[in-house]
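Down below is the structure, laid out as structure tokens.
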Amino acid sequence: MASVLLHLRSIHVTFGGKPVLESAELMVAEGERVALVGRNGSGKSTLLKVAAGLHEADGGTVWVQPGTTVRYLPQEPDLSGFATVRDYVLAGLAPGDDPHRARRLLEDLGLSGDEAPASLSGGETRRAALARTLAPEPDVLLLDEPTNHLDLPAIEWLETELKATRSALILISHDRHFLEALTNRTVWLDRGQARRLNAGFADFESWRDQLLNEEEIAQAALEQQIATEEHWMRHGVTARRKRNVRRVNLLAELRQKRKDHVKRLGNVSMEASAGDLSGRLVIEANKISKRFGDTVIADRLSLTMLRGDRLAMVGPNGAGKTTLIKLLTRAIEPDEGSVRHGTNLQIVTLDQSRQSLDPNATVADVITDGRGQSVTVNGETRHVVSYMRDFLFQPEQARTPVSVLSGGERARLILARELAKPSNFLILDEPTNDLDLETLDLLQELLSAYPGTILLVSHDRDFLDRVATSVLMADGKGKWIEYAGGYSDMMAQRGEGVAARRVVKAPAPAKRERVDAPTTPAVKRKLSYKEKFALENLPRDIARLNAEIADIEARMADGDFFTRDPDGFAKASLRHAEARAALETAEDQWLELELLKGELEG
């Protein structure tokens, strides 16, 4: 039997007099990969912080097997106090940990380590925190939304890295694909209680629905028993006093049981306010090009969107997805080519960056745009408090300022505001951020039934599979390729995802050169030792990768390979994609260094 590494027993946590966790249990043993799931606000992050020793529970015990190392990835990493990212990552190592692994992880995640923490984007901050958490190879990894702010290449890299780790995992994520690929146990936090399923997330939802159905049956039986006892109290024949007392006590116990039962939080009820019917043609882009300096966003891209299309854009961060949306919606003009819109378009954009939310505005004012106490959805006028309930806001939150809302509450607030606006063309930029799984389900159902057209950007592969009818993928250097179907369909057609490779930045040595005193004459730039070493060794790496690719292709050409060894064929196919991507990266690096060498020597 696997040895238990971490065990939380009877954990009680209360915030502001309201119980968040009541007698919650959480355990992980060697080899276990636990999905910690539950609605927003159910206490998942709180329980993980208790496990990490960062939050003291009001009651209960935390037991860690002696000698066990535990590392925790927070939702919002704090890099303050460190001069560089490398300093931050290395500070997470214990004596005996391998610093080379830390540097390798930084490189894999597209960071040099020289970056100043204050200059990092949200995605780069998340990558730095992942490198710090993974580098020590701990016995237990506690990961709170590790895919937040990551693009698809980084998510796929992380998934591969976690599959290979020997660490036990406790994982919070809203990414179904990620959870299904990595977990073999599930703990469901529901109304303060933790329920455990000895299977991965793939089996969770059917198990949860069965438990809720059994609970409803038990509650119905309880109501019937109370009704029976109340009828006896009013109309029953008087029996011995002792028996009467027993029946009275029984009825009191049943009523108390009904009172103590915590009803499950209601479901989000979404409805998009449909606008007038648009023309059949929505967008026609004709050979559009756009560049900013040396960065090419689009290179002679032609694209047609018709009414009812659900087009998803995918690609690594920096590929230009947001800029391309602006081109297609004519917010900015292309350098070349043209964009034509169809007739009668009513465009609504869901800005999940939260930047459009005034932190001082109240929930009610955001939904009504500060215009009274009512909102009109599909021609029906409703009081704002009634509409708020559809998105799980309580009446008392009507006057709550945006600044105190959680990430999940802000996400629901944006949905409430934008879906009330009449539209026939929805633009969704990362709509799944901070939404719990149940809300995601409902959003997917709403979009499936939406009568208009949808343009979507998302890194959530399951969401893309359920919503998109076609995928437009960034293929590098301004090239975009459209694939029919969702993300899995695109993978089947390409043989790989957005980038089945390490997320490596091309070297940009010139940008790291700084002149602190403008009056000082600049010293002539030379190749650094690292650049010289890479320039000399990349040809050898390129030759090795070419040989490996040729060998894999020769093995895969065997018609009996798949029948004889399907697992081996799958591994070979994955390694072939990785090697091809690594080859492309190495060739690009070598070419850039050769060009740099020519410029410096010229």
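The values are calculated or read from the model by the stated rules, or taken from the named source; none is laboratory data. Being a predicted model, the structure only gives us computed values, none of them experimental. In this analysis, Cβ positions are derived from the backbone assuming ideal geometry, glycine residues included, and neighbour counts consider all displayed protein chains. With ligands, DNA and RNA removed, areas are computed over all heavy atoms of the protein, side chains included. Shrake-Rupley method; radii C 1.70, N 1.55, O 1.52, S 1.80 Å.
What to note about this one:
- Inter-residue pairs, beta-carbon under 7 Å, first part of a helix (DSSP H, G or I) and in the range 144-162, second at pLDDT 90 or above and surrounded by fewer than 20 Cβ atoms within 10 Å (Cβ to Cβ), 6+ apart: Glu159/Ala181
- Of all residues in the range 202-215, at least one satisfies being within 22 Å of Gly43 (Cα to Cα), in contact with a strand residue (DSSP E or B) (Cβ under 9 Å, 6 or more places away or on another chain) and among the basic types (Lys, Arg).
- Matching residues, the range 307-321, being over 26 Å from Pro153 (Cβ atoms) and open to solvent by 50 Å² or more (accessible area, probe 1.4 Å): Arg307
- When the range 56-81 is limited to residues that are among the hydrophobic types (A, V, I, L, M, F, W, C) and outside any loop (DSSP other than H, G, I, E, B), the one that is surrounded by the fewest Cβ atoms within 10 Å (Cβ to Cβ) turns out to be Trp63.
- Among residues of the range 107-121 that are more than 18 Å from Gly92 (Cβ to Cβ), those with a Cβ under 6 angstrom from a residue that is open to solvent by 30 Å² or more (accessible area, probe 1.4 Å) and at pLDDT below 90, sequence gap 6+ or separate chain, pair up as Gly110/Val504; Gly110/Lys505.
- Test: Ser403 is of a type in the set (Ser, Thr, Tyr), assigned to a helix (DSSP H, G or I) and within 25 Å of Glu76 (Cβ to Cβ): yes
- Residue within the range 401-410 that is touching a residue at least 12 places away in the same chain (Cβ under 8 Å) and in contact with a helix residue (DSSP H, G or I) (Cβ under 6 Å, 6 or more places away or on another chain) present: no
- Whichever residue in the range 284-299 is crowded, with 20+ Cβ neighbours inside 10 Å and over 18 Å from His341 (Cα atoms) and, among such residues, is nearest to the chain's Cα centre (by Cα): Ile297
- Look at the range 535-546: where a residue is without any contact (Cβ under 8 Å) to a residue 24 or more places away in the chain, no partner that is in a helix (DSSP H, G or I) sits 6+ places away or on another chain with Cβ atoms under 6 Å.
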